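Input: a single structure, listed below in structure tokens.
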Amino acid sequence: MTPFFGNLTDFWASSAGKKRLSLKLGFSFFLFGLINNVLYVIILSAALDLVPPSTPKGIIAFCNIAPALIAKLGWPYFLKGRIRYARRIVGCCALSFIGMLVVAFHESLYSRLLGISLASFSSGLGEMTFLQLSTTYSRSVGGRSVGYFASGTGAAGIVGAFMWWELRGLGISTGVGISAVLPFILPVAYFFLLPRPAAFLHQSFSASYTLVPTDDLETEVDDDLSAQDDVESRVEPKVTVSLSAADKWRLVKPMLLKYMLPLFCVYTFEYTINQGVAPTLLYPVPSHGLISKIIHSVRDYYPLWQLVYQTTVFFSRSSISLGLKTLPARFLPAPAIIQFAILLLLVFESAVGLLPEDREGGSIFLVFILISIEGVCGGLAYVNVFYRINQEQPDPSSAHNPEITKQEREFKIGSIGFADSSGILLASILAVPSEIELCRAQVARGKYLCRGL
């Protein structure tokens, strides 16, 4: 074989290897996002079935987010040193499994809230862990990882809402019990599917790749310190180093207004709509048309709104993995502003009605459009914020120390989760009185559908 054809063969082999590695990486992070978030969505979609009719659904949202907030606040801000990825992922799997079993096989409200809290803690810790895992790769590879993870979390909305739509007919014990086995996919994907960072170090790597070892990804650091993403392989120093409280505040301070505030506002408005307003967006059961084939009882409206919302979230969270451009930094607050406008419109629709009562078909379509826009805004805010954090350059003062640089990248992307979770927590608190007052407003104008739930 001539050198020309030999080089051509090597080129195609290398190209095929790169593509295969990229597919393995993308599918792994997609699974991480999907499985980590799917139980969270199932619980939210099942809110009407998990609590008595007299109990505000916002209490489900509260127990579904408060423990996640504790996880996102505790791990990055208070724990020090290297991240043990394998231990975390196995622990998240076990907690989710136990939590869903408690929900499935205990009928008391307090037991179910406890099970939801365990699954929530696992979901919060898992989300933070997988986002931090993306920083162990070079920025170009890590950016794609964030995109695929965000796409997976968006798909979790569709899968979770659809799963509960199908499983709720089996009852709480069977439906939730079946979903309890899903978390075992996480450690399987981590140990047997995900390629480790070393596989992406060289542009001419072979078609084969090495799986993640059981002793975590901590033995190798893949960090690109130049604007051109020049990647160097470094071995972590044996001397243990960790970020101090002052270091963490220095890293968080510039992100407060730039990233955290927009994300906090988006999630506050978004989940106030989902948990406080959407349960009251009820109309008589239609007798004709396409919507009549979907809505068979008044209780079907809430899962439908959740399905519409989660579908649009999936497409918007997949924007980067689909190759679309990211939002410019100056436009990051835009989704929150649009979300606030949608919140006001839907509150007015629930309390008073944007259209006359004889045009209920038009009202259903209007709510469909508004909730779709809500999902798009929420998904764009999520994926763009985390992508931009993943791509930030290291602090010049610590660029000389690979271990510190690695921990700073992990901390920065992990610390942002506090913003969206605190927004969801505030929304769950606002949702309880919002649902009650909106239902009272409907009853006052002679609409009693919300009392029948």
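The values are calculated or read from the model by the stated rules, or taken from the named source; none is laboratory data. The structure displayed is predicted, hence computed values, not measured ones. Ideal geometry is used to build each Cβ from the backbone, glycine not excepted, and the neighbour counts take in all protein chains shown. When the accessible area is computed, the model is the full protein with side chains, heavy atoms only, and any ligands, DNA or RNA have been set aside. Shrake-Rupley method; radii C 1.70, N 1.55, O 1.52, S 1.80 Å.
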Check your understanding: If we keep just the residues of region 347-384 that are open to solvent by 10 Å² or more (accessible area, probe 1.4 Å) and among the β-branched types (Val, Ile, Thr), which is farthest from Tyr301 (Cα to Cα)?
Key -> Val376
Review point. Picking from Leu114, Leu101, which residue would you name as being at pLDDT 80 or above, closer than 21 Å to Leu425 by Cα, of a type in the set (A, V, I, L, M) and open to solvent by 10 Å² or more (accessible area, probe 1.4 Å)?
Key: Leu114
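Condition check ((1) in a helix (DSSP H, G or I); (2) at pLDDT below 85; (3) farther than 28 Å from Phe162 by Cα) across all residues:
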{"residue": "Ser321", "(1), (2), (3)": "no, no, no"}
{"residue": "Leu355", "(1), (2), (3)": "no, yes, yes"}
{"residue": "Asp358", "(1), (2), (3)": "no, yes, yes"}
{"residue": "Cys377", "(1), (2), (3)": "yes, no, no"}
{"residue": "Ala381", "(1), (2), (3)": "yes, no, no"}
{"residue": "Arg388", "(1), (2), (3)": "yes, no, yes"}
{"residue": "Ser398", "(1), (2), (3)": "no, yes, yes"}
Review point. Quick one: how many residues across region 16-45 are modelled with pLDDT under 75, more than 18 Å from the chain's Cα centre (by Cα) and open to solvent by less than 10 Å² (accessible area, probe 1.4 Å)?
Key: 1
Check your understanding: For region 325-351, which residues satisfy the criterion of being at pLDDT below 90 and not in a helix (DSSP H, G or I)?
Key -> Lys325, Thr326, Leu327, Pro328
Exercise for review: Identify, from the list Ala427, Ala444, the residue that is within 26 Å of Ile59 (Cα to Cα), crowded, with 24+ Cβ neighbours inside 10 Å and modelled with pLDDT of 85 or more.
Suggested key: Ala427
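With the requirement that a residue be hydrophobic (A, V, I, L, M, F, W, C), open to solvent by 10 Å² or more (accessible area, probe 1.4 Å) and modelled with pLDDT of 85 or more, what does region 299-317 give you? Working first, answer last.
From region 299-317, those hydrophobic (A, V, I, L, M, F, W, C) are 304-305, 307-308, 313-315; that's our starting set.
Within this subset, residues satisfying the condition of being open to solvent by 10 Å² or more (accessible area, probe 1.4 Å) are 304, 307-308, 314-315.
Once the filter is applied, which keeps residues that are hydrophobic (A, V, I, L, M, F, W, C), open to solvent by 10 Å² or more (accessible area, probe 1.4 Å) and modelled with pLDDT of 85 or more, region 299-317 yields Leu304, Val308, Phe314, Phe315.
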**Study point:** Index of the failed condition, Leu344 passing every other in (1) over 30 Å from Met255 (Cα atoms); (2) surrounded by fewer than 16 Cβ atoms within 10 Å (Cβ to Cβ)
**Key:** (1)
Revision key, fill the gap. Log entry, pairs with first residue in region 95-109 being under 17 Å from Phe121 (Cα atoms), second being not in a helix (DSSP H, G or I), beta carbons closer than 7 Å, six or more apart or on different chains, reads Phe97/Ala180; Met100/Ala180; Leu101/Ala180
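Name the residue, out of Ser138, Ser179, Ser134, Ser122, that is open to solvent by less than 10 Å² (accessible area, probe 1.4 Å) and in contact with a strand residue (DSSP E or B) (Cβ under 6 Å, 6 or more places away or on another chain).
Details: Ser179 fails: in contact with a strand residue (DSSP E or B) (Cβ under 6 Å, 6 or more places away or on another chain); Ser134 fails: in contact with a strand residue (DSSP E or B) (Cβ under 6 Å, 6 or more places away or on another chain); Ser122 fails: in contact with a strand residue (DSSP E or B) (Cβ under 6 Å, 6 or more places away or on another chain).
Being open to solvent by less than 10 Å² (accessible area, probe 1.4 Å) and in contact with a strand residue (DSSP E or B) (Cβ under 6 Å, 6 or more places away or on another chain) holds for just one of Ser138, Ser179, Ser134, Ser122, which is Ser138.
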**Study point:** So Val103, is it farther than 29 Å from Leu25 by Cβ and hydrophobic (A, V, I, L, M, F, W, C)
**Key:** yes
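I'd like the full set of residues that are open to solvent by 40 Å² or more (accessible area, probe 1.4 Å) and either modelled with pLDDT under 75 or in a helix (DSSP H, G or I) (or both), limited to region 242-264.
The first filter runs over region 242-264 and keeps only residues open to solvent by 40 Å² or more (accessible area, probe 1.4 Å), leaving 242, 244-247, 249-250, 253-254, 256-258, 261, 264.
Ala245, Ala246, Asp247, Trp249, Arg250, Leu256, Leu257, Lys258, Leu261, Phe264, listed by residue number.
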**Study point:** Residue count, region 265-315 (criterion: in contact with an Asp or Glu (Cβ under 7 Å, 6 or more places away or on another chain) and assigned to a helix (DSSP H, G or I))
**Key:** 7
